[in-house]
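Colleague: Input: one structure, supplied below.
The values are calculated or read from the model by the stated rules, or taken from the named source; none is laboratory data. As the structure is a computational prediction, the values presented were derived from the model and not from experiment. Counting neighbours? That spans all protein chains shown, and the Cβs are built from the backbone with ideal geometry, glycine included.
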């Protein structure tokens, strides 16, 4: 362990460790954040959901969007996998289908940042995911 | 005037001396020294206290006065399985006294005593902090939660197989 | 000094900043009762654990009552020392203390002299509302002191004396709560501890928890035995204190009345330990001069300084605590033992009786003397040189039991030959006295000149440790004096560390010397009594025709007829001793 | 560095460890590596979550899922279902006892809704053995700020403005204490943290030390800066092995980072901390006794003044605060005195941690803003009385406190209100009692504690408390008289009035407050020789109702002393002379034939 020699040193350590804690910090008050849930059941993973999830995590952080990315079970839209559900604070959740990294980029830039809708929205007729 | 023979073997004496030295033979560190000594011996017989008094250049009476003041220190060896019943308020209101009575009845010892075979000793302690599990019984390091008088037999049974 | 104004029981009081309510009240004639509190002003000894809570008073604006002994006065403070709240609390607390105390006052050895009893009487306690379990402990009897701990009220005075003043460390508070008590390590008996039997714990105990072993009945039985010749010796300090037991002013010298009383009790011969004190000076002084001259002649093997050895508490102390320094103290026996030894040889021969048929009783201000006379090395074929040592207090009891009106007694003289003494020996009873007596003799022997002024004021006083230089006709002799074993320890540690360059040191175990011994009438916290006793001894010295030990004609005769010369072969055998390592080494199996 | 997608927080507090949370932790780890998820899922042992009733607790982040009563065997399911398949394990979720709904987010649970965690801010959130996690949560920034931007006087001013009062019982303003200690001139001064929590049924301080040791270390250093002390001592109960370990680790880490030791953060300020162990003496919570204990003496209190701030450890000025008090300090510095002072009531600012226990549904550790009512604490946070019984009293302040009743339920909790109601804040024990609790026995229970813990120095505490318990025992045996009740009251008052230290000055409170609030129970014991709650054995008889007894022999077979006589299929009778009143017969009888008279 290196010695912290000044307040600046301390601040540096703080900012470097903060990202590790960010996951916990943010999810402690999820209502105020953008929440992305990636369906990660067998069908999802098979069609590339894992790549999408990693991409979302990295990109959202890179673009300074306070968000949490979690995985869920199968949402029941196997035909449209990979699917993700995005909840922007104050709005109803929206589910996107056939998401790849390119589509994910659009979702971030258009929907999350500006509220514009993107293609591939799946009509909301599903039940809550958790309760299945 | 009779002098008191200290019957400890050389190894134990040196160990005690090392403990004292670790604390610079400072009598202000008496309580820390006693903690370590009790950890080493399991209890603090008179001989051990005499050696400590000698090393820390204080009187045996003073050491004894300190040992008898603090309930953590004991001059009698604990049983192989020391049983402690939590008598914190949370445990008390959830029936710890009845549990204690049952232990006393089955083991036929009072609080602070050890069974003749040296297997169990019985003591009370104040709040182990597992109030959610009240009443709580500890046997050695193991914690038994939500103990009822009925369950006492089973707990003892675990250690008498 | 900043002054503080306050009101106590509607009286305005002005005291120096730092004064306690107790002290402030005293200045306007309000005596707040105390129990655990002890303040020996002249010796700077205090015990203020604030534990008994008898001295509580009401301070306006304070939630609870305040202990007057430790509560500092503040500006504008309004104190009430006896309103109903205070009185009720004080009485209730006293009842509580009594509820855990035996009520066998009628047969308690402290009856009539017990602070707790007096207080209960003064407070008008007629019932104890709170009865319950009482503490019970084993009684502990040692050669000198009895501990009846059931009577302990946890005032902690003995603990303070044993640890802070004497640094003996035998007594400590042990256990806690209702079970707490003052006891030796592992609650062993005193004779299994490093107790010096100095008796200072007994001297300050407010109740019957600590008392002396009582030999009065043994003395009465010996006196009644026609086959025994019973002789008695009285230590210097006794004559300055005995009168207190009969209502006389402290400091009243009762030497003549005491002799009358002892004769009235039926002792066959009434002698004086002072005689043996003169003898001690001869032996110890010779030893001192011998060591001194060898030292000055460059003898590297000789140990300096020489330490006095007449105080048995002090001997016990260094045997336990300084086993590495056993070769420094003088080998001379104490006056009590020299007396016993001479009585059962020289005087028994003179009477033509066997030592077994002689009983030597000593009247001592001291409890350690009880232990000293029981030491094996002071016995011949199991027969002790001194049979019983009884305290000043026990002597008073003996006199009262014999229906003697002490104050109405005529003054009589000691018997001869062992009753003749000089002024030098009388002052043995006060701190600094032994060394002053030794100096008077050593000066003349060393210089060969006559000492014109025998009073060495620089050696007197109550200061704990005193250092003085006496001019032996051009040779400066460095003298140290300590009283109280804690101060002795300081001097010994200086010597051990090579920081001291004394030639001779006098040490007395008890604060003030023998006049403050554990066997003296109780001072009940008034240290001015000790000062009065000291003054009395110096008065007796000043009034003596002979004031140097070597000039005592009966001492000279003793050497001529019996001993030969000081520190000679016979002296060595009868008047000297050796010391034992009684420390508690770690023995390994 | 691995970028973890999921954090599993496992409670490592003593309560949960007693329920095998350590084994759970290891099973989780093992399952994760079995599934090859080491780089995606991190398992962290944290300090106490507070909800001890339902421990062990596992919290899954970022889903913010709160699992309760998790056993080591549940590890596989959590990993396979929740972590891999993203399906919450329903059976491990907390169920709202009223609506029977499963609750996922702990913040939506009654237990947490009204809480405000300041002193416990990091407990159950960070890994207490990892200083980086503390730093990531603004750790040591307050110290840095003090050392570089503020003078000691300014820091003390902030502390005074914040209104923080000592959380150990007395409630003395912390800032003022610091100011007095600062004003005492000496070559050496000391900062002492009192972690000798001895109140039976209280474990606030231990939980803070186990869950967030660095907050205490940081605060002690800040205090050292303010009062000009370079040395800190933590006096900690030897009975807290886990807290000791965590604290030792934290001190070591802080030293390695240079946050303790010489020249902290290059400012020239030096400060280090040593541990001193308590050895089981409640009275050592009193600061003068604590100091004597640290000096290797019997922990007997001595008269104040002199106060430790003037003459304390080794005769030097010493500032003593307890763990919870210190834990508040860094937040106050970081967020400002105004922020802190905005919480709580006018004379009691901030929050207070309570150990909520007894006959209540949600036993645990809670932190609530001052001014909250007992009703909110007991019924909303505590979830009401266990088994639907009737609330009778709540005891606060431990052996020094008193019992509060129904009529105090809407009193806002703060230092002064509790005292006015005949109790006190104490260190934060809060024990709830129901209709089955005998208040005379409760008073006896506390007195038993005091008698055992009295140091013996002063007569009223040493002997008086002993006499108090003897009278209470007499009453519980049915041998009490009305005179005894008068004596109880007088003696209690005298003990309070004349005892040397806080222990004796408060020890009769349980007696006085139960006499005040439940006098009719005392009367019932004394006059009617009855214990209304059926707790006092001597005052009750187990009787077999001949009409209901079918002669099944279950009672006779289970009687430990063979006090029950009767033929099979015949009516059984209890021999009262032999009966030890253990109640086994009543428990075993399936026909409600055994009753208490």
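Colleague: What's the total number of residues in the range D:348-381 that are buried (at least 24 other Cβ atoms within 10 Å of the Cβ) and without any contact (Cβ under 8 Å) to a residue 40 or more places away in the chain?
Modeller: Of the residues in the range D:348-381, 1 are buried (at least 24 other Cβ atoms within 10 Å of the Cβ) and without any contact (Cβ under 8 Å) to a residue 40 or more places away in the chain.
Here is a yes/no grid of residues against (1) closer than 24 Å to residue D:343 by Cα; (2) in contact with a strand residue (DSSP E or B) (Cβ under 6 Å, 6 or more places away or on another chain); (3) within 14 Å of chain B (Cβ to nearest Cβ); (4) outside any loop (DSSP other than H, G, I, E, B):
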{"residue": "D:144", "(1), (2), (3), (4)": "no, no, no, yes"}
{"residue": "D:147", "(1), (2), (3), (4)": "no, yes, no, yes"}
{"residue": "D:155", "(1), (2), (3), (4)": "yes, no, no, yes"}
{"residue": "D:159", "(1), (2), (3), (4)": "yes, no, no, yes"}
{"residue": "D:171", "(1), (2), (3), (4)": "yes, yes, no, no"}
{"residue": "D:179", "(1), (2), (3), (4)": "yes, no, no, yes"}
{"residue": "D:187", "(1), (2), (3), (4)": "no, no, no, no"}
{"residue": "D:202", "(1), (2), (3), (4)": "yes, yes, yes, no"}
{"residue": "D:205", "(1), (2), (3), (4)": "yes, yes, yes, yes"}
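Colleague: Filter the range C:158-183 down to the residues that are facing chain B (nearest Cβ under 7 Å) and without any contact (Cβ under 8 Å) to a residue 24 or more places away in the chain, then identify the one that is nearest to residue C:201 (Cα to Cα).
Modeller: Among those that are facing chain B (nearest Cβ under 7 Å) and without any contact (Cβ under 8 Å) to a residue 24 or more places away in the chain, it is C:172.
Colleague: Helices (runs of 4 or more DSSP H) wholly in the range C:475-588 with at least 2 residues that are over 30 Å from residue B:53 (Cα atoms) and either in contact with a helix residue (DSSP H, G or I) (Cβ under 6 Å, 6 or more places away or on another chain) or modelled with pLDDT of 95 or more (or both) - which ones?
Modeller: Details: elements: C:485-496, C:528-543, C:553-558, C:569-575.
Result: C:528-543, C:553-558, C:569-575.
Colleague: Go through the range D:448-484 and count every residue that is assigned to a helix (DSSP H, G or I) and within 12 Å of chain C (Cβ to nearest Cβ).
Modeller: 24
Colleague: Run down C:388, C:414, C:406 and say which single residue is under 20 Å from residue C:263 (Cβ atoms) and under 19 Å from the mean Cα position of the chain (by Cα).
Modeller: Working: C:414 fails: under 19 Å from the mean Cα position of the chain (by Cα); C:406 fails: under 19 Å from the mean Cα position of the chain (by Cα).
Being under 20 Å from residue C:263 (Cβ atoms) and under 19 Å from the mean Cα position of the chain (by Cα) holds for just one of C:388, C:414, C:406, which is C:388.
Colleague: Ok, one more. Which fully enclosed helices (runs of 4 or more DSSP H) of the range D:509-575 have 1 or more residues being over 33 Å from the mean Cα position of the chain (by Cα)?
Modeller: Hits in the range D:509-575: D:519-526, D:554-558.
Colleague: Looking at the range C:118-132, which of its residues are free of Cβ contacts under 8 Å to residues at least 40 places away in the same chain and either surrounded by fewer than 21 Cβ atoms within 10 Å (Cβ to Cβ) or part of a loop (DSSP other than H, G, I, E, B) (or both)?
Modeller: Across the range C:118-132, the qualifying residues are C:118, C:121, C:124, C:125, C:126, C:127, C:128, C:129, C:130, C:131, C:132.
Colleague: Where the second residue is buried (at least 16 other Cβ atoms within 10 Å of the Cβ) and part of a loop (DSSP other than H, G, I, E, B) and the first is within 14 Å of chain B (Cβ to nearest Cβ) and touching a residue at least 40 places away in the same chain (Cβ under 8 Å) and lies in the range D:582-597, which pairs have Cβ atoms under 8 Å and are six or more apart or on separate chains?
Modeller: Short answer, once both residue conditions are applied: D:585/D:559.
Colleague: What residue, of C:195, C:201, is under 19 Å from residue C:369 (Cβ atoms), touching a residue at least 40 places away in the same chain (Cβ under 8 Å), outside the structural domain of residue C:420 (by TED's automatic domain parsing) and not in a helix (DSSP H, G or I)?
Modeller: Only one candidate qualifies: C:195.
Colleague: Within the range D:215-252, take every residue that is more than 24 Å from the chain's Cα centre (by Cα) and surrounded by fewer than 21 Cβ atoms within 10 Å (Cβ to Cβ) and give me the one that is nearest to residue D:146 (Cα to Cα).
Modeller: Taking the candidates together, the pick is D:228.
Colleague: Suppose the filter is within 12 Å of chain B (Cβ to nearest Cβ) and surrounded by 24 or more Cβ atoms within 10 Å (Cβ to Cβ); does residue D:293 pass it?
Modeller: yes
Colleague: Output the residues belonging to the range D:284-303 that are assigned to a loop (DSSP other than H, G, I, E, B) and free of Cβ contacts under 8 Å to residues at least 12 places away in the same chain.
Modeller: Initially, the range D:284-303 is screened for residues assigned to a loop (DSSP other than H, G, I, E, B), giving D:286, D:295-303.
Answer for the range D:284-303, where residues must be assigned to a loop (DSSP other than H, G, I, E, B) and free of Cβ contacts under 8 Å to residues at least 12 places away in the same chain: D:296, D:297.
Colleague: Looking at C:446, C:502, which is the one that is crowded, with 19+ Cβ neighbours inside 10 Å, in contact (Cβ under 8 Å) with a residue 12 or more places away in the chain, touching a strand residue (DSSP E or B) at 6+ places or on another chain (Cβ under 8 Å) and more than 30 Å from residue C:362 (Cβ to Cβ)?
Modeller: Details: C:446 fails: crowded, with 19+ Cβ neighbours inside 10 Å.
Result: C:502 is the single residue among C:446, C:502 that is crowded, with 19+ Cβ neighbours inside 10 Å, in contact (Cβ under 8 Å) with a residue 12 or more places away in the chain, touching a strand residue (DSSP E or B) at 6+ places or on another chain (Cβ under 8 Å) and more than 30 Å from residue C:362 (Cβ to Cβ).
Colleague: Please state which one of D:210, D:133 is within 12 Å of another protein chain (Cβ to nearest Cβ), farther than 30 Å from residue B:92 by Cβ and modelled with pLDDT under 95.
Modeller: Of D:210, D:133, the one residue that is within 12 Å of another protein chain (Cβ to nearest Cβ), farther than 30 Å from residue B:92 by Cβ and modelled with pLDDT under 95 is D:133.
Colleague: Still on this structure: Within the range D:85-104, restricting attention to residues that are modelled with pLDDT under 85 and more than 8 Å from chain A (Cβ to nearest Cβ), which residue is surrounded by the most Cβ atoms within 10 Å (Cβ to Cβ)?
Modeller: D:97
Colleague: Considering only strands (runs of 3 or more DSSP E) fully contained in the range B:78-161, which possess at least 3 residues that are over 21 Å from the mean Cα position of the chain (by Cα), modelled with pLDDT under 90 and surrounded by fewer than 18 Cβ atoms within 10 Å (Cβ to Cβ)?
Modeller: Per the criteria, no element qualifies.
Colleague: Further question: Here is a list of conditions, (1) within 14 Å of chain B (Cβ to nearest Cβ); (2) surrounded by fewer than 20 Cβ atoms within 10 Å (Cβ to Cβ); (3) not in a helix (DSSP H, G or I), and residue D:23 meets all of them except one; can you say which number that is?
Modeller: In the conditions (1) within 14 Å of chain B (Cβ to nearest Cβ); (2) surrounded by fewer than 20 Cβ atoms within 10 Å (Cβ to Cβ); (3) not in a helix (DSSP H, G or I), residue D:23 misses (3) alone.
Colleague: When you scan the range D:426-437, do you find a residue that is within 27 Å of residue D:348 (Cα to Cα), in contact (Cβ under 8 Å) with a residue 60 or more places away in the chain and in a helix (DSSP H, G or I), even just one?
Modeller: no
Colleague: Could I ask something else about it? With the range C:5-117 as the region, which strands (runs of 3 or more DSSP E) entirely inside it contain at least 1 residues that are in contact with a helix residue (DSSP H, G or I) (Cβ under 7 Å, 6 or more places away or on another chain), buried (at least 18 other Cβ atoms within 10 Å of the Cβ) and away from chain D (no Cβ under 14 Å)?
Modeller: Qualifying strands (runs of 3 or more DSSP E): C:11-16, C:38-40, C:45-47, C:78-80.
Colleague: Further question: Need a quick list: helices (runs of 4 or more DSSP H) entirely within the range A:1-83 having at least 3 residues that are modelled with pLDDT of 80 or more, surrounded by fewer than 20 Cβ atoms within 10 Å (Cβ to Cβ) and more than 10 Å from chain D (Cβ to nearest Cβ).
Modeller: Details: elements: A:7-27, A:42-46, A:49-62.
The qualifying helices (runs of 4 or more DSSP H) are A:49-62.
Colleague: Sort out for me the strands (runs of 3 or more DSSP E) sitting completely within the range D:350-422 that have 2 or more residues that are touching a helix residue (DSSP H, G or I) at 6+ places or on another chain (Cβ under 9 Å) and within 30 Å of residue D:337 (Cβ to Cβ).
Modeller: Qualifying strands (runs of 3 or more DSSP E): D:351-358, D:364-369.
Colleague: Another one. Which number in (1) outside any helix (DSSP H, G or I); (2) within 14 Å of chain C (Cβ to nearest Cβ); (3) more than 16 Å from the chain's Cα centre (by Cα) marks the one condition that residue B:53 misses?
Modeller: Only one criterion is unmet by residue B:53, namely (1).
Colleague: Still on this structure, I have one more. For the range B:21-34, give me the residue count where each residue is buried (at least 20 other Cβ atoms within 10 Å of the Cβ), at the interface with another protein chain (Cβ under 8 Å from one of its Cβ atoms) and closer than 21 Å to residue D:239 by Cα.
Modeller: Total meeting the criteria: 5.
Colleague: Taking the condition touching a helix residue (DSSP H, G or I) at 6+ places or on another chain (Cβ under 7 Å), modelled with pLDDT of 85 or more, surrounded by 12 or more Cβ atoms within 10 Å (Cβ to Cβ) and more than 22 Å from residue D:85 (Cβ to Cβ), does residue A:108 pass?
Modeller: So residue A:108 passes the test.
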